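Here is the structure we will look at.
The values are calculated or read from the model by the stated rules, or taken from the named source; none is laboratory data. For clarity, every value in this text was computed on a predicted model and none was experimentally measured. Ideal geometry is used to build each Cβ from the backbone, glycine not excepted, and the neighbour counts take in all protein chains shown. Protein only, heavy atoms only, side chains kept; ligands, DNA and RNA dropped before computing areas. Shrake-Rupley method; radii C 1.70, N 1.55, O 1.52, S 1.80 Å.
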Amino acid sequence: MPARISKDEFDSEVLGAELPVLADFYSDSCIPCKRMSPILSQLETEYADKIKIVKINTNFEKELVEKYSIQAAPTLILFNKGEEVSRIRGAAKKDEIITLIKEQI
Amino acid sequence: MYDVMILGSGPAGLSAAVYASRAGLSFAVIEKEYMGTGQIAYTEQVDNYLGYCGIDGYSLGEKFREHAEALGTEFIEGEVTELSRTDSGWKILLSDGNSFGARTVIYALGASPKKLAIPGEEEFAGRGVSYCALCDGAFFEGRTVAVIGGGDTALSDALYLSKTTAKVYVIHRRSEFRASASLVKKAEGTSNIEFVLEAVPLEIIGEDSVTGVKYTQNGTEKTLDTNGVFAAVGSLPNTAVLSGIAGLDERGYVIADESCVTSAEGLFAAGDVRTKAVRQVITAAADGANAVVSALGCINK
(Lines give C-alpha, C1' and ligand atoms only; values in the text may rest on other atoms or scores of the structure.)
Protein backbone atom coordinates (compact mmCIF):
# COMPACT_ATOMS: atom_id res chain seq x y z
CA MET A 1 0.00 0.00 0.00
CA PRO A 2 1.39 3.44 -0.87
CA ALA A 3 2.81 5.30 2.12
CA ARG A 4 1.08 8.39 3.45
CA ILE A 5 3.37 11.38 3.64
CA SER A 6 3.08 14.80 5.25
CA LYS A 7 4.17 18.22 4.02
CA ASP A 8 7.46 17.90 5.89
CA GLU A 9 8.40 14.86 3.82
CA PHE A 10 6.99 16.19 0.55
CA ASP A 11 10.16 17.94 -0.65
CA SER A 12 12.41 14.96 -0.11
CA GLU A 13 9.96 12.16 -0.96
CA VAL A 14 8.31 13.76 -3.98
CA LEU A 15 10.14 16.75 -5.39
CA GLY A 16 13.62 15.39 -4.68
CA ALA A 17 12.90 11.80 -5.71
CA GLU A 18 14.98 10.03 -8.35
CA LEU A 19 12.00 8.17 -9.79
CA PRO A 20 8.78 9.69 -11.06
CA VAL A 21 6.28 10.03 -8.18
CA LEU A 22 2.53 9.62 -8.38
CA ALA A 23 0.94 11.62 -5.57
CA ASP A 24 -2.62 10.71 -4.62
CA PHE A 25 -4.35 13.64 -2.91
CA TYR A 26 -7.27 11.93 -1.18
CA SER A 27 -9.78 12.65 1.53
CA ASP A 28 -11.22 10.37 4.21
CA SER A 29 -14.85 10.87 3.23
CA CYS A 30 -14.30 10.37 -0.47
CA ILE A 31 -15.68 7.13 -1.87
CA PRO A 32 -13.90 7.31 -5.25
CA CYS A 33 -10.67 7.66 -3.23
CA LYS A 34 -11.45 4.43 -1.38
CA ARG A 35 -12.14 2.74 -4.72
CA MET A 36 -8.79 3.98 -6.08
CA SER A 37 -6.87 2.52 -3.17
CA PRO A 38 -6.58 -1.11 -4.38
CA ILE A 39 -5.70 0.12 -7.90
CA LEU A 40 -2.84 2.24 -6.55
CA SER A 41 -1.60 -0.70 -4.49
CA GLN A 42 -1.55 -2.86 -7.63
CA LEU A 43 0.35 -0.18 -9.56
CA GLU A 44 2.85 0.17 -6.75
CA THR A 45 3.67 -3.53 -7.09
CA GLU A 46 3.55 -3.67 -10.88
CA TYR A 47 5.82 -0.62 -11.31
CA ALA A 48 7.86 -1.16 -8.15
CA ASP A 49 11.27 -0.15 -9.54
CA LYS A 50 9.93 2.39 -12.04
CA ILE A 51 7.85 4.83 -10.02
CA LYS A 52 6.99 5.69 -6.46
CA ILE A 53 3.44 6.22 -5.21
CA VAL A 54 2.57 8.32 -2.17
CA LYS A 55 -0.70 9.38 -0.56
CA ILE A 56 -1.50 12.80 0.83
CA ASN A 57 -4.49 13.23 3.10
CA THR A 58 -6.09 16.52 2.05
CA ASN A 59 -7.93 16.81 5.36
CA PHE A 60 -4.61 17.32 7.13
CA GLU A 61 -2.27 18.76 4.53
CA LYS A 62 -3.95 22.11 3.87
CA GLU A 63 -0.69 23.76 2.82
CA LEU A 64 -0.09 21.25 0.06
CA VAL A 65 -3.75 21.48 -0.98
CA GLU A 66 -3.35 25.22 -1.26
CA LYS A 67 0.02 25.04 -3.01
CA TYR A 68 -1.21 22.64 -5.69
CA SER A 69 -4.73 24.18 -5.94
CA ILE A 70 -6.46 20.87 -5.21
CA GLN A 71 -10.24 21.18 -5.44
CA ALA A 72 -11.28 17.62 -6.18
CA ALA A 73 -10.65 14.33 -4.42
CA PRO A 74 -9.00 12.26 -5.58
CA THR A 75 -6.51 14.34 -7.54
CA LEU A 76 -3.55 12.40 -8.90
CA ILE A 77 -0.45 14.39 -9.75
CA LEU A 78 2.52 12.79 -11.43
CA PHE A 79 5.84 14.45 -10.63
CA ASN A 80 9.12 13.86 -12.41
CA LYS A 81 12.38 15.47 -11.26
CA GLY A 82 10.48 17.86 -9.04
CA GLU A 83 8.11 19.06 -11.74
CA GLU A 84 4.40 18.35 -12.14
CA VAL A 85 4.08 16.53 -15.48
CA SER A 86 0.42 15.49 -15.45
CA ARG A 87 -2.68 15.63 -13.36
CA ILE A 88 -5.98 13.73 -13.19
CA ARG A 89 -8.88 15.37 -11.35
CA GLY A 90 -11.40 12.85 -9.99
CA ALA A 91 -11.29 9.06 -10.06
CA ALA A 92 -9.32 7.45 -12.86
CA LYS A 93 -9.23 4.05 -14.44
CA LYS A 94 -6.09 1.96 -14.03
CA ASP A 95 -5.36 2.16 -17.77
CA GLU A 96 -5.47 5.96 -17.75
CA ILE A 97 -2.91 6.08 -14.96
CA ILE A 98 -0.69 3.53 -16.70
CA THR A 99 -0.71 5.70 -19.83
CA LEU A 100 0.59 8.67 -17.84
CA ILE A 101 3.19 6.56 -16.06
CA LYS A 102 4.48 5.15 -19.35
CA GLU A 103 5.10 8.66 -20.64
CA GLN A 104 7.64 9.12 -17.83
CA ILE A 105 9.46 5.80 -17.66
CA MET B 1 -22.47 -19.98 -21.13
CA TYR B 2 -23.93 -18.62 -17.92
CA ASP B 3 -27.57 -19.04 -16.91
CA VAL B 4 -27.69 -15.39 -15.87
CA MET B 5 -25.32 -12.52 -16.47
CA ILE B 6 -25.98 -9.67 -14.06
CA LEU B 7 -24.91 -6.27 -15.33
CA GLY B 8 -24.19 -3.82 -12.52
CA SER B 9 -23.05 -4.19 -8.91
CA GLY B 10 -25.37 -1.76 -7.17
CA PRO B 11 -28.06 -2.92 -4.72
CA ALA B 12 -30.21 -4.38 -7.55
CA GLY B 13 -27.35 -6.34 -9.10
CA LEU B 14 -25.98 -7.57 -5.77
CA SER B 15 -29.44 -8.61 -4.62
CA ALA B 16 -29.90 -10.47 -7.92
CA ALA B 17 -26.55 -12.20 -7.27
CA VAL B 18 -27.76 -13.38 -3.86
CA TYR B 19 -31.00 -14.75 -5.33
CA ALA B 20 -29.24 -16.32 -8.34
CA SER B 21 -26.80 -18.06 -6.03
CA ARG B 22 -29.60 -19.36 -3.82
CA ALA B 23 -31.44 -20.59 -6.92
CA GLY B 24 -28.39 -22.64 -7.90
CA LEU B 25 -27.89 -20.78 -11.18
CA SER B 26 -24.54 -20.22 -12.88
CA PHE B 27 -24.01 -16.47 -12.95
CA ALA B 28 -21.55 -13.60 -12.72
CA VAL B 29 -21.73 -9.86 -12.11
CA ILE B 30 -20.16 -7.46 -14.61
CA GLU B 31 -19.21 -4.13 -13.05
CA LYS B 32 -17.75 -0.96 -14.48
CA GLU B 33 -16.29 0.16 -11.18
CA TYR B 34 -13.78 -2.20 -9.57
CA MET B 35 -15.22 -3.37 -6.21
CA GLY B 36 -18.18 -1.08 -6.77
CA THR B 37 -21.54 -0.95 -5.04
CA GLY B 38 -23.31 1.62 -7.20
CA GLN B 39 -24.72 5.01 -6.32
CA ILE B 40 -25.52 4.09 -2.72
CA ALA B 41 -21.83 4.41 -1.81
CA TYR B 42 -22.07 8.15 -2.38
CA THR B 43 -24.88 8.73 0.09
CA GLU B 44 -23.74 10.15 3.40
CA GLN B 45 -26.48 8.59 5.49
CA VAL B 46 -29.27 6.09 4.80
CA ASP B 47 -32.20 6.26 7.17
CA ASN B 48 -34.79 4.36 5.18
CA TYR B 49 -33.32 0.93 4.58
CA LEU B 50 -34.87 -1.54 6.98
CA GLY B 51 -32.60 -2.72 9.76
CA TYR B 52 -29.78 -0.19 9.29
CA CYS B 53 -31.07 3.16 10.54
CA GLY B 54 -28.39 5.83 10.22
CA ILE B 55 -25.82 3.73 8.37
CA ASP B 56 -23.62 5.53 5.83
CA GLY B 57 -24.22 4.52 2.23
CA TYR B 58 -20.69 3.26 1.66
CA SER B 59 -20.91 0.80 4.56
CA LEU B 60 -24.35 -0.39 3.52
CA GLY B 61 -23.05 -1.04 0.00
CA GLU B 62 -20.08 -2.95 1.44
CA LYS B 63 -22.47 -5.13 3.46
CA PHE B 64 -24.42 -5.92 0.29
CA ARG B 65 -21.22 -6.78 -1.51
CA GLU B 66 -19.89 -8.97 1.31
CA HIS B 67 -23.20 -10.84 1.28
CA ALA B 68 -22.99 -11.48 -2.46
CA GLU B 69 -19.33 -12.49 -2.14
CA ALA B 70 -20.10 -14.86 0.74
CA LEU B 71 -22.51 -16.71 -1.56
CA GLY B 72 -19.80 -17.19 -4.17
CA THR B 73 -20.42 -14.36 -6.61
CA GLU B 74 -17.94 -14.02 -9.46
CA PHE B 75 -17.22 -10.40 -10.41
CA ILE B 76 -15.97 -9.33 -13.83
CA GLU B 77 -14.61 -5.80 -14.28
CA GLY B 78 -15.66 -4.15 -17.50
CA GLU B 79 -17.95 -1.74 -19.26
CA VAL B 80 -20.72 -3.22 -21.38
CA THR B 81 -20.58 -1.74 -24.88
CA GLU B 82 -22.94 -4.03 -26.74
CA LEU B 83 -25.70 -6.54 -26.10
CA SER B 84 -26.97 -8.82 -28.81
CA ARG B 85 -29.40 -11.72 -29.13
CA THR B 86 -27.98 -15.15 -29.99
CA ASP B 87 -29.73 -18.46 -30.67
CA SER B 88 -29.21 -19.55 -27.09
CA GLY B 89 -29.61 -16.23 -25.30
CA TRP B 90 -27.41 -13.13 -25.17
CA LYS B 91 -23.90 -12.07 -26.06
CA ILE B 92 -22.40 -9.37 -23.85
CA LEU B 93 -19.47 -7.44 -25.28
CA LEU B 94 -17.17 -5.39 -23.02
CA SER B 95 -15.02 -2.37 -23.86
CA ASP B 96 -11.81 -4.42 -23.39
CA GLY B 97 -12.97 -6.73 -26.19
CA ASN B 98 -13.95 -9.66 -23.95
CA SER B 99 -17.35 -11.18 -24.54
CA PHE B 100 -19.59 -13.52 -22.57
CA GLY B 101 -22.60 -15.65 -23.38
CA ALA B 102 -25.60 -16.02 -21.09
CA ARG B 103 -29.06 -17.48 -21.42
CA THR B 104 -30.56 -14.47 -19.64
CA VAL B 105 -29.40 -10.99 -18.68
CA ILE B 106 -30.37 -8.96 -15.64
CA TYR B 107 -29.75 -5.36 -16.60
CA ALA B 108 -29.07 -3.33 -13.44
CA LEU B 109 -26.74 -0.57 -14.60
CA GLY B 110 -28.46 2.16 -12.61
CA ALA B 111 -28.24 5.84 -13.29
CA SER B 112 -25.52 8.51 -13.42
CA PRO B 113 -25.61 12.14 -12.28
CA LYS B 114 -27.03 14.48 -14.87
CA LYS B 115 -24.86 17.34 -16.08
CA LEU B 116 -25.99 20.94 -15.74
CA ALA B 117 -25.31 21.49 -19.44
CA ILE B 118 -24.33 25.15 -19.05
CA PRO B 119 -21.18 27.02 -20.09
CA GLY B 120 -18.33 26.78 -17.58
CA GLU B 121 -19.37 23.38 -16.26
CA GLU B 122 -16.77 21.35 -18.16
CA GLU B 123 -14.13 24.06 -17.93
CA PHE B 124 -14.28 24.20 -14.12
CA ALA B 125 -14.92 20.51 -13.40
CA GLY B 126 -12.58 19.62 -10.54
CA ARG B 127 -11.72 23.32 -10.13
CA GLY B 128 -14.83 24.38 -8.26
CA VAL B 129 -17.50 22.36 -10.05
CA SER B 130 -18.23 19.08 -8.29
CA TYR B 131 -20.74 16.23 -8.45
CA CYS B 132 -19.78 14.82 -5.07
CA ALA B 133 -20.20 16.90 -1.92
CA LEU B 134 -18.78 14.12 0.25
CA CYS B 135 -15.62 14.02 -1.89
CA ASP B 136 -14.91 17.68 -2.41
CA GLY B 137 -16.79 19.53 0.35
CA ALA B 138 -13.69 19.83 2.51
CA PHE B 139 -11.92 21.99 -0.08
CA PHE B 140 -14.47 24.72 0.53
CA GLU B 141 -14.08 24.99 4.28
CA GLY B 142 -15.06 28.48 5.43
CA ARG B 143 -16.02 29.50 1.89
CA THR B 144 -19.24 30.00 -0.05
CA VAL B 145 -20.76 27.27 -2.18
CA ALA B 146 -23.87 26.83 -4.31
CA VAL B 147 -25.79 23.60 -4.70
CA ILE B 148 -27.86 23.37 -7.85
CA GLY B 149 -30.96 21.19 -7.71
CA GLY B 150 -34.06 20.55 -5.64
CA GLY B 151 -34.21 16.83 -4.91
CA ASP B 152 -33.03 14.70 -1.99
CA THR B 153 -29.44 14.74 -3.20
CA ALA B 154 -29.35 18.53 -3.51
CA LEU B 155 -30.68 19.12 -0.01
CA SER B 156 -28.56 16.36 1.58
CA ASP B 157 -25.52 17.91 -0.10
CA ALA B 158 -26.50 21.38 1.17
CA LEU B 159 -26.88 20.09 4.73
CA TYR B 160 -23.54 18.27 4.54
CA LEU B 161 -21.76 21.33 3.14
CA SER B 162 -23.36 23.68 5.69
CA LYS B 163 -21.31 22.01 8.44
CA THR B 164 -17.98 23.22 7.10
CA THR B 165 -18.62 26.10 4.71
CA ALA B 166 -19.53 29.65 5.60
CA LYS B 167 -22.56 29.80 3.35
CA VAL B 168 -24.55 27.45 1.13
CA TYR B 169 -26.93 28.68 -1.54
CA VAL B 170 -29.43 26.22 -2.97
CA ILE B 171 -30.31 27.26 -6.50
CA HIS B 172 -33.50 25.61 -7.68
CA ARG B 173 -35.59 26.31 -10.74
CA ARG B 174 -38.97 25.83 -9.06
CA SER B 175 -40.60 27.30 -5.96
CA GLU B 176 -41.20 23.88 -4.41
CA PHE B 177 -38.68 21.13 -3.67
CA ARG B 178 -38.94 17.53 -4.83
CA ALA B 179 -36.85 16.54 -1.81
CA SER B 180 -38.51 14.86 1.18
CA ALA B 181 -40.28 17.16 3.64
CA SER B 182 -37.89 16.24 6.45
CA LEU B 183 -34.83 17.33 4.45
CA VAL B 184 -36.48 20.59 3.40
CA LYS B 185 -37.38 21.33 7.01
CA LYS B 186 -33.82 20.62 8.19
CA ALA B 187 -32.39 22.88 5.50
CA GLU B 188 -34.86 25.66 6.34
CA GLY B 189 -33.74 25.47 9.94
CA THR B 190 -30.04 25.73 9.08
CA SER B 191 -28.84 29.30 9.47
CA ASN B 192 -26.16 29.31 6.75
CA ILE B 193 -28.35 27.73 4.05
CA GLU B 194 -30.19 30.14 1.78
CA PHE B 195 -32.66 29.16 -0.93
CA VAL B 196 -32.52 30.90 -4.29
CA LEU B 197 -35.78 29.73 -5.86
CA GLU B 198 -37.29 30.00 -9.32
CA ALA B 199 -33.75 30.58 -10.48
CA VAL B 200 -32.35 29.05 -13.64
CA PRO B 201 -28.54 28.71 -13.81
CA LEU B 202 -27.03 30.13 -17.00
CA GLU B 203 -23.28 29.93 -16.64
CA ILE B 204 -20.50 29.12 -14.22
CA ILE B 205 -17.87 31.84 -14.23
CA GLY B 206 -14.34 32.09 -12.90
CA GLU B 207 -10.70 32.43 -13.75
CA ASP B 208 -8.37 29.77 -12.34
CA SER B 209 -11.30 28.42 -10.36
CA VAL B 210 -14.98 29.20 -9.91
CA THR B 211 -15.95 32.69 -8.74
CA GLY B 212 -19.69 32.71 -9.38
CA VAL B 213 -22.86 31.48 -11.04
CA LYS B 214 -24.97 33.51 -13.42
CA TYR B 215 -28.69 32.78 -13.30
CA THR B 216 -32.05 34.28 -14.19
CA GLN B 217 -34.78 34.89 -11.69
CA ASN B 218 -38.14 36.41 -12.66
CA GLY B 219 -36.70 37.48 -15.99
CA THR B 220 -33.72 39.28 -14.43
CA GLU B 221 -30.15 38.12 -14.91
CA LYS B 222 -28.16 37.96 -11.68
CA THR B 223 -24.77 36.74 -10.47
CA LEU B 224 -24.13 34.90 -7.25
CA ASP B 225 -20.57 34.98 -5.88
CA THR B 226 -19.47 31.51 -4.93
CA ASN B 227 -16.25 29.48 -4.69
CA GLY B 228 -17.84 26.14 -5.51
CA VAL B 229 -20.77 24.72 -7.44
CA PHE B 230 -22.19 21.34 -6.51
CA ALA B 231 -24.44 19.93 -9.21
CA ALA B 232 -27.31 17.74 -8.02
CA VAL B 233 -29.88 17.95 -10.76
CA GLY B 234 -30.98 14.34 -10.83
CA SER B 235 -29.76 11.38 -12.77
CA LEU B 236 -29.99 9.73 -16.16
CA PRO B 237 -30.52 5.99 -16.62
CA ASN B 238 -27.54 4.13 -18.10
CA THR B 239 -29.47 2.55 -20.93
CA ALA B 240 -27.62 3.67 -24.06
CA VAL B 241 -26.70 0.10 -25.04
CA LEU B 242 -30.37 -0.93 -24.90
CA SER B 243 -31.55 1.40 -27.61
CA GLY B 244 -33.18 -0.71 -30.32
CA ILE B 245 -33.06 -3.77 -28.04
CA ALA B 246 -35.64 -3.15 -25.33
CA GLY B 247 -38.49 -0.67 -24.98
CA LEU B 248 -37.46 2.55 -23.22
CA ASP B 249 -39.71 5.36 -22.06
CA GLU B 250 -39.25 8.96 -23.20
CA ARG B 251 -36.68 9.60 -20.42
CA GLY B 252 -34.64 6.52 -21.27
CA TYR B 253 -35.82 4.17 -18.50
CA VAL B 254 -36.41 0.51 -19.42
CA ILE B 255 -40.12 -0.20 -19.56
CA ALA B 256 -40.82 -3.02 -17.12
CA ASP B 257 -43.16 -3.63 -14.21
CA GLU B 258 -42.31 -5.32 -10.90
CA SER B 259 -41.63 -8.61 -12.68
CA CYS B 260 -38.68 -6.81 -14.34
CA VAL B 261 -39.71 -8.38 -17.66
CA THR B 262 -38.78 -6.13 -20.59
CA SER B 263 -39.87 -6.17 -24.22
CA ALA B 264 -36.74 -8.23 -25.04
CA GLU B 265 -37.00 -11.94 -24.28
CA GLY B 266 -34.59 -13.09 -21.62
CA LEU B 267 -33.59 -9.54 -20.64
CA PHE B 268 -34.73 -8.26 -17.27
CA ALA B 269 -34.39 -4.73 -15.90
CA ALA B 270 -33.74 -4.19 -12.19
CA GLY B 271 -33.19 -1.14 -10.00
CA ASP B 272 -33.04 2.51 -11.01
CA VAL B 273 -32.95 1.73 -14.75
CA ARG B 274 -36.53 0.43 -14.65
CA THR B 275 -39.70 2.51 -14.96
CA LYS B 276 -40.94 2.81 -11.38
CA ALA B 277 -42.41 5.30 -8.96
CA VAL B 278 -39.91 4.94 -6.12
CA ARG B 279 -36.17 4.75 -6.80
CA GLN B 280 -34.69 3.67 -3.48
CA VAL B 281 -32.25 1.03 -2.23
CA ILE B 282 -35.11 -1.05 -0.89
CA THR B 283 -36.96 -1.16 -4.23
CA ALA B 284 -33.70 -1.90 -6.06
CA ALA B 285 -33.05 -4.85 -3.74
CA ALA B 286 -36.61 -6.08 -4.32
CA ASP B 287 -36.08 -5.86 -8.09
CA GLY B 288 -33.02 -8.08 -7.82
CA ALA B 289 -35.17 -10.84 -6.33
CA ASN B 290 -38.00 -10.40 -8.84
CA ALA B 291 -35.63 -10.32 -11.80
CA VAL B 292 -34.05 -13.65 -10.80
CA VAL B 293 -37.46 -15.29 -10.40
CA SER B 294 -38.44 -14.01 -13.84
CA ALA B 295 -35.12 -15.18 -15.31
CA LEU B 296 -35.67 -18.63 -13.77
CA GLY B 297 -39.06 -18.78 -15.47
CA CYS B 298 -37.40 -18.02 -18.78
CA ILE B 299 -34.59 -20.57 -18.29
CA ASN B 300 -37.01 -23.34 -17.30
CA LYS B 301 -39.32 -22.70 -20.22
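So the values come out like this:
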read-out	value
FRET E, pair B:LEU197, B:ASP249, Förster distance 30 Å, beta-carbon r, rounded to 0.05	0.55
Average beta carbon contacts from partner chains per residue of A:26-39, 10 Å cutoff	5
Simple spin-label estimate for A:ASP28 and A:ALA3 in nanometres, 7 Å along Cα-Cβ	2.3
Whether region B:105-232 is rounded, prolate or oblate, judged on the alpha carbon gyration tensor where a/c under 1.5 counts as rounded	rounded
Residues A:LYS81 and A:GLN42, FRET efficiency given R0 of 41 Å [Cβ-Cβ distance, rounded to 0.05]	0.95
Of all accessible heavy-atom area on chain A, the percent that carbon and sulfur account for (1.4 Å)	49
Accessible surface, 1.4 Å probe, highest first, among residues B:CYS132, B:CYS53	B:CYS53, B:CYS132
Selection from B:ALA269, A:PHE10, B:TYR2, by position along the positive dipole direction of the protein assembly as shown (Cβ)	B:ALA269
Peptide B:53-59, shielding by other chains (average Cβ, 10 Å cutoff)	1
Gain on full stretching of the segment that runs from B:ASP47 to B:ASP87 - 0.36 nm per residue minus C-alpha separation	9.9 nm
Distance between modelled label sites at B:THR223 and B:GLU66, nm, 7 Å Cα→Cβ extension	5.1
Cysteines (scope chain B) whose Cβ has no counterpart Cys Cβ under 4.7 Å	B:CYS53, B:CYS260, B:CYS298
Additional length obtainable on full extension of the chain from B:SER99 to B:ALA166, 0.36 nm per residue less Cα span	19.0 nm
Average beta carbon contacts from partner chains per residue of A:71-83, 10 Å cutoff	3
Accessible-area ranking of B:THR223, B:THR190, A:THR75, largest first, probe 1.4 Å	B:THR223, B:THR190, A:THR75
Which listed pairs, of A:LYS93/B:LYS276; B:LYS63/B:LYS114; B:LYS115/B:LYS222, have C-alpha distances above 24 Å, in listed order	A:LYS93/B:LYS276; B:LYS63/B:LYS114
Cα gyration tensor, region B:16-94 - rounded (a/c under 1.5), prolate or oblate	prolate
Largest-first ordering by accessible area, 1.4 Å probe, given options B:THR220, B:THR239	B:THR220, B:THR239
Inverse mean reciprocal Cα-Cα distance (Kirkwood Rh) of chain A, Å	13.4
Computed FRET value (nearest 0.05) for B:VAL293 with A:SER12, which takes r as the C-beta separation and R₀ as 51 Å	0.25
Top positive-direction residue, dipole computed over chain A with Cβ charges, set A:LEU78, A:ALA92, A:ALA23	A:ALA92
Accessible area (Å², per residue) of the protein assembly as shown, counting only protein heavy atoms and a probe of 1.4 Å	46
Peptides ranked, highest mean first, by Cβ atoms within 10 Å: ranges B:241-248, B:159-166	B:159-166, B:241-248
Peptide ranges B:178-189, B:280-291, A:56-67 listed from the most packed, as the mean C-beta count within 10 angstrom indicates	B:280-291, A:56-67, B:178-189
Protein accessible area in region B:145-301, 1.4 Å probe - carbon and sulfur %	48
Accessible area buried between chains A and B, both sides summed, probe 1.4 Å, in Å² to nearest 100	1800
